[in-house]
1. Under 21 Å from TYR222 (Cβ atoms) and among the charged types (D, E, K, R): which single residue out of ASP115, ASP43, ASP130, ASP90 fits that description?
2. List every residue pair whose Cβ atoms sit under 6 Å apart, with the two residues 6 or more apart in sequence or on different chains, where the first one lies in the range 82-93 and is of a type in the set (A, V, I, L, M, F, W, C) and the second, anywhere, is surrounded by 15 or more Cβ atoms within 10 Å (Cβ to Cβ) and part of a loop (DSSP other than H, G, I, E, B).
3. Does VAL126 satisfy the condition of being surrounded by 15 or more Cβ atoms within 10 Å (Cβ to Cβ) and of a type in the set (A, V, I, L, M, F, W, C)?
4. Name the single residue, out of those in the range 59-74 being modelled with pLDDT of 85 or more and either within 14 Å of SER9 (Cα to Cα) or within 19 Å of the chain's Cα centre (by Cα) (or both), that is least open to solvent (accessible area, probe 1.4 Å).
5. Wholly within the range 119-221, which helices (runs of 4 or more DSSP H) include no fewer than the required count, namely at least 1 residues that are at pLDDT below 50 and in contact with a Leu (Cβ under 6 Å, 6 or more places away or on another chain)?
6. For the range 1-53, name all the residues that are in a strand (DSSP E or B), within 30 Å of LEU191 (Cα to Cα), under 13 Å from the mean Cα position of the chain (by Cα) and aliphatic (A, V, I, L, M).
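The values are calculated or read from the model by the stated rules, or taken from the named source; none is laboratory data. All figures in this text were calculated on a predicted structure; none of them were measured in a lab. Neighbour counts are summed over all protein chains in view; Cβ atoms, including those assigned to glycine, are modelled from backbone coordinates with ideal geometry. Note: accessible area is taken over every heavy atom of the protein model, side chains too, but ligands, DNA and RNA are not part of it. Shrake-Rupley method; radii C 1.70, N 1.55, O 1.52, S 1.80 Å.
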Amino acid sequence: MKKISEIISKPVYSKAAGALVGYVLNVEFSSALDKLTGFVVVDEESEVEGRVDAAGVTFGEQALLLSEGSNLIYGYDVGSSNPIGKVVLDARGKGYGKVRDVFLKGKRVEGLLCDGLYFHPKNICVNGPDALIVFSRRKLQKPFSFEEAALQPEQHVQISAPLPKEVAPFRVTPDARSLIGKMASRDIFGLNNELIIKKHEIITQKKINEAKKHNKLNLLFYNSK
């Protein structure tokens, strides 16, 4: 079983040419969040983003390989189908934090993990732009830990016990909204060598828009804290 956090930032190679295409910036899912449908790949030098269908991708431990017939579409705008970073609420308004990772079996979603809940896509009743609403009437099948979720992907519960405190933080998939309020850790320059944002400057929506305009959003993602 794989995790989305393990796929983000991996290098992508062309299987036919043996050439480095770029690295994984983001992933896309079906509207029901039950299947991985595509990858957003970015060229490290030009910062140009492209989209490739998941059916044409083989992902391994060290890298992703694009099949010979893969159609990589450049100039692609990153969508919002990735649930990582979304708030999770049940139908009564109880919060469980944000989605931290997604577990996959092949390209099928086995479960989603947030701060206090591990659940199956079938337990989602609303997939909105900012939050996932999950059913709250179904009873707990059995308490379990994060380790059990990883070792037994076929077993899912609706509402789980809180995760142990010792579980390490998860790397979150890049989401432009998550940058707001963070601090730039270095100077970011635009296409004409103009200063977009200074080191230690707080990131605002305006700064994000400027970074997008100059194709430097990816650089900002990896140089903020």
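1. When all the criteria are applied, what remains is ASP43.
2. Listed by first residue and then by second, the contacts come to ILE84/VAL172; ILE84/THR173; ALA91/SER136.
3. no
4. Looking at the filtered set, the residue picked out is LEU64.
5. 146-151
6. Across the range 1-53, the qualifying residues are VAL24, LEU25, VAL27, VAL40, VAL41.
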